[in-house]
1. Can you go through B:18, B:25 and tell me which one is over 30 Å from residue B:101 (Cα atoms) and away from chain A (no Cβ under 13 Å)?
2. Would you confirm whether or not the range A:227-242 contains a residue that is away from chain B (no Cβ under 14 Å), in contact (Cβ under 8 Å) with a residue 40 or more places away in the chain and closer than 30 Å to residue A:453 by Cβ?
3. Before we move on, is residue B:202 within 24 Å of residue B:100 (Cβ to Cβ), touching a residue at least 12 places away in the same chain (Cβ under 8 Å) and surrounded by fewer than 16 Cβ atoms within 10 Å (Cβ to Cβ)?
4. I need the full set of residues from the range A:153-200 which are within 14 Å of chain B (Cβ to nearest Cβ) and either under 11 Å from residue A:31 (Cα atoms) or over 22 Å from the mean Cα position of the chain (by Cα) (or both), in order please.
5. Using the structure shown, decide if residue A:19 is surrounded by 18 or more Cβ atoms within 10 Å (Cβ to Cβ) and within 14 Å of chain B (Cβ to nearest Cβ).
6. Could you list all residues from the range A:413-432 that are loosely packed, with under 13 Cβ neighbours inside 10 Å and either touching a residue at least 60 places away in the same chain (Cβ under 8 Å) or over 25 Å from the mean Cα position of the chain (by Cα) (or both)?
7. Might you check whether a residue that is more than 14 Å from every other protein chain (Cβ to nearest Cβ) and either part of a helix (DSSP H, G or I) or at pLDDT 95 or above (or both) occurs anywhere in the range B:2-13?
8. If I go through the range B:196-224 residue by residue, how many of them are touching a strand residue (DSSP E or B) at 6+ places or on another chain (Cβ under 7 Å) and within 17 Å of residue B:89 (Cβ to Cβ)?
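The values are calculated or read from the model by the stated rules, or taken from the named source; none is laboratory data. All of these numbers come straight from a predicted model, not from anything done at the bench. Counting neighbours? That spans all protein chains shown, and the Cβs are built from the backbone with ideal geometry, glycine included.
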């Protein structure tokens, strides 16, 4: 079920009313309703893959119980690796089987050996990368004794399948979300209003910004061989805003929806395009994944401890793995490696934590230095997104080559793009003024009611008027 | 909770009121084109009503609107003719209901429709037609979800038209249908007094003919609709005949196996008699105008002559 669909517009109020008026007699019933709603939400795409979620949940539940009883370190390790093998096994098979097979065949043929193996026609279950990482966080935290294993299967099943963030995150930590399933839910008016506001802003980002940018980005990337450099640059910019609107829009809707049910999900985006360096960008982009890799990969392999070589190695590992998490394609790996290259100078100069707070805090305008930092970071990101969006590495390199052709300074044909080229800067301006909030529209809290409602109506009208071709959320494919 | 539900409910209501108000306000800005292609239904039905009973009704989609010379049939057979064919986008269901409505005692109905045509058609086109000719509201079923989609997109188009009009200092454009833009030959004035479309006469063939589909076989449920039509017009004392549409040789060859099976189903299950054979409707590609079903003037002449022969032999 898509968030931006009529199905969801009916589903959400129905589940909301059942949750607060019918299932509110006990916590257990509310959690059972969440599981039922989540399985329905997921099964709307393909009910067959519900068995994968259920199987992962059962395995992690049993591993958790096993870990609570096991004191012997060897036994605990076996249990942990059982969970990791099962969860990553599913992920590896569904997402990476064909990639590895094809690359092995290519590698062997390079050395003169011919291997005959046929790839499988595997359908990638929606959101598998997200819920796999979420369930793993439970087992790893229990193993590390950061979390007491739950004995309530219902709670764990609700945690694993919680529909607002099931298919595209934020990837929640068991330490944050699981205890919320064990706590009584008290309806909060302000939290719910804030949730609705965040849903509205998420829909705006997805429908108005992302889906409209997608039309042009898709066209330009598909026909890149025939485009001028200036048009290719415009295509890369459109994709830059598409992916931000798409993914942060999804996260806003997810977080807002969870709020309606009394849950607090972690923040996933914090105005990344206002970052002054790439390290700051990665603290503000897909925060739940970055911190997941930091806590469960970067720190366990040594983190920033050790010598320079170790730091460099660990940085590359985390960025390349993060790239590979996005998809079984060399483009994602290069995208990850490129970001590692961007990050490296900051790490080596020990300047990777110099921009922690949001830019120009408490001020309207940034300094010239801040503007410079933001511009450089933004354009480096745009360049990296070309690899992320391209069909393959050849396409990415020819696209970049095309940008830097002699036609870069030719005025692009912006017929059909004029409205969007006006809306995107206005959107950025709104985001700038709301950057100290959790999401830009949270600014509305401070406004007087008439002003607030005028803005809501304008956003709803914009969503209505500028609904383009409905596009799948980009991150569903991951 | 109560406060939240009341406030969010009121907000939702205010949004609905805002949209309804905008709809009412913007819709009055929009002129309906009198020369719209679908408005030709008014003239066709007026002629049918004026003739009354004992007439020849040519019914179907645009294939019959484009391909028949009704004046010649009337002159040769001495029976008044009306061509009610308009657009296949209306769907079999609509066209069958319309034909039942027009038919009277003693009428001869010649029905022809493009291969494998859908039953439902386009809801927006049906509503659009009914706006011109309210009696057409009886030819299809009201659908709430389709209505919602239709009015939403209409409000969107109207608002965008006004916004773009303001930006470019141009007045809001008149309502046009995607299918029949005001600049095209597809207009009400392109029809003659018999209901035949003649707006394309004398024009050269377009570069590439449209609707050149490659079919996949499945049993055509349109047969049930035609049998329904047959039963209803029989009750009224009219006679129904079916005739295959005019179609290019080359397209028939490409779809031969499927269309032969289609013909077998028709011969087996269709209750009204079929005039001629499927092959008799085949013409050289050069006599078509813009689609694989619309003939040019030369093709119209051949087609009409053939139909007159068939009707004569039936008498």
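1. It is B:25.
2. yes
3. Considered against the rule, which asks whether it is within 24 Å of residue B:100 (Cβ to Cβ), touching a residue at least 12 places away in the same chain (Cβ under 8 Å) and surrounded by fewer than 16 Cβ atoms within 10 Å (Cβ to Cβ), residue B:202 comes out as no.
4. Scanning the range A:153-200 gives A:185, A:186, A:187, A:188, A:189, A:190, A:191, A:192, A:193.
5. For residue A:19, the condition - surrounded by 18 or more Cβ atoms within 10 Å (Cβ to Cβ) and within 14 Å of chain B (Cβ to nearest Cβ) - is met.
6. Residues of the range A:413-432 loosely packed, with under 13 Cβ neighbours inside 10 Å: A:413, A:415-416, A:418, A:422, A:425-426, A:429.
Once the filter is applied, which keeps residues that are loosely packed, with under 13 Cβ neighbours inside 10 Å and either touching a residue at least 60 places away in the same chain (Cβ under 8 Å) or over 25 Å from the mean Cα position of the chain (by Cα) (or both), the range A:413-432 yields A:413, A:415, A:416, A:418, A:422.
7. No, there is no match, as no residue in the range B:2-13 is more than 14 Å from every other protein chain (Cβ to nearest Cβ) and either part of a helix (DSSP H, G or I) or at pLDDT 95 or above (or both).
8. 3
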